[in-house]
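Only the coordinates and a few stated rules stand behind these numbers; no lab work does. Being a predicted model, the structure only gives us computed values, none of them experimental. For neighbour counting, all protein chains shown are included, and Cβ atoms are generated from backbone atoms with ideal geometry for every residue, glycine included.
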Amino acid sequence: MSDLITRDRRHLWHPYTQMLTAPPPLPIARGEGVYLYTEDGRRVLDGISSWWVNIHGHSHPRLNEALARQARELEHVIFAGCTHRPAVELAERLVEILPPGLTRIFYSDNGSTAVEVALKMAFQYWQNRGHPERRVFVALHHAYHGDTFGAMSVSEASVFTTPFAPLLFPVRRAHAPYCYRCPLGLTRPSCQIACLGDLERVLREEEGRVAAVIIEPMLQGAGGMIVWPVEFLAGVRRLCDRFGTLLIADEVLTGFGRTGRMFACEHAGVRPDLLCLSKAITGGYLPLGVTATTEEVYEAFLSEDRRRTFFHGHSYTANPLACAVAIASLEIFREEGT
């Protein structure tokens, strides 16, 4: 056992790991392209893109330079009461490529917090609009939205969430389009997306009380790599419009090309009311979360009454280093035509 692993085991507690029985972690010394290299010189294919975050390869020269250049100018500044060029420029570039109408950008730290922000925005949106009865969230079976309490609440019950069940808020759930193991015992395409009827049923039962429906568009990752028919995604948008509820698209996994389009919502040509991003936004370099929303949602928080303010933030909100490397990542996308 290497000295690094011995020292690791003395102090560290790894994520999703039973520390009593887990094998020793891989001691990674460096990364280049699609490969990771261990301390003893073994080359390992990074087949999961370091948890779905790396998109241009490890130690990409352009991203390295963007990070170093920004570090020489401004490494961090509080984002409450201050702003800076990387945050503004990244927001502008995101608005250019996001589904039309998503014109407001709220920064946070990671995927779970991007989801928390979306849930809180959706909830308070209805409070600010004078509809406090709209407090129900609807999620899909097999969903995974993160490990903070709001994100766990809208995720499927699992080993991730069960210990904390008494602390989670109640959520209505509907069938996901799990075609391989259809919950209705039907087959594509003759089913005509009958599973969408379950979401319609829930929305009808909760009519006038739903704050938002939250989905992972086109691909439910941690739930089993469940690939959706595009018609289901389009149908969710239609149902949200019909019942007058907000739609939250969690694209933490699917954003930035993971499904063949820049954003998974593009497959159906739908625009959610709130869209969550993280993981690949910085090319795998630094943590950064984004919750994008519409002018309609944003304007519901504008008031002389301070109580309508969105009181949410993080110490490292809009970190300049993360924003700068995210801009460089988007430039690589544009130049390579990917």
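Answer with one residue from THR245, MET19, ALA71: the one whose Cα lies farthest towards the positive end of the charge dipole of the chain, charges on Cβ with Lys, Arg +1 and Asp, Glu -1. Projecting each Cα onto the dipole axis, the largest value belongs to MET19. In this calculation the C-beta distance from MET225 to GLU299 is compared with R0 = 35 Å, giving a FRET efficiency of 0.40.
Note on segment 61-336: antiparallel DSSP beta bridges, both residues inside, total approximately 45 percent of the bridges counted.
Within the chain, the longest segment free of exposed loop sites, counting chymotrypsin sites (Phe, Trp or Tyr not before Pro) that fall outside DSSP classes H, G, I, E and B and have at most 13 other Cβ atoms within 10 Å, spans 17-310. Each residue of segment 314-322 is assigned a 3J(HN,Hα), and the resulting list reads 9, 4, 9, 3, 6, 3, x, 4, 5 Hz, derived from the Karplus form 6.51 cos²θ - 1.76 cosθ + 1.60 (θ = phi - 60°), x at Gly and Pro. Rounded to the nearest Hz, the phi-derived 3J(HN,Hα) couplings of segment 23-31 under the Karplus curve 6.51 cos²θ - 1.76 cosθ + 1.60 (θ = phi - 60°) are x, x, x, 6, x, 8, 9, 7, x, where x marks glycine and proline.
Matching the structure-derived volume of the Cα convex hull per residue in Å³ against the labelled list (i) 128; (ii) 165; (iii) 216 gives the label (ii). Taking other C-beta atoms within 10 angstrom as a stand-in for reagent exposure, HIS175, HIS14, HIS141 fall in the order HIS14, HIS141, HIS175, fewest first. The order of GLU65, GLU266, GLU156, going from fewest to most other C-beta atoms within 10 Å of their C-beta, is GLU65, GLU266, GLU156.
How many angstrom separate the Cα center of segment 311-338 from the Cα center of segment 192-224? For segment 311-338 versus segment 192-224, the Cα centre distance is 31 Å. Taking other Cβ atoms within 10 Å as a rough exposure proxy, CYS276, CYS323, CYS179 sort from fewest to most as CYS179, CYS323, CYS276.
Each residue of segment 99-111 was assigned a 3J(HN,Hα) from its phi angle through the Karplus expression (A = 6.51, B = -1.76, C = 1.60, θ = phi - 60°), giving x, x, x, 8, 10, 10, 10, 10, 8, 9, 10, 6, x Hz with x at Gly and Pro. Once the chain from GLU39 to GLU335 is taken as fully extended at 0.36 nm per residue, the excess over their C-alpha distance is 103.1 nm.
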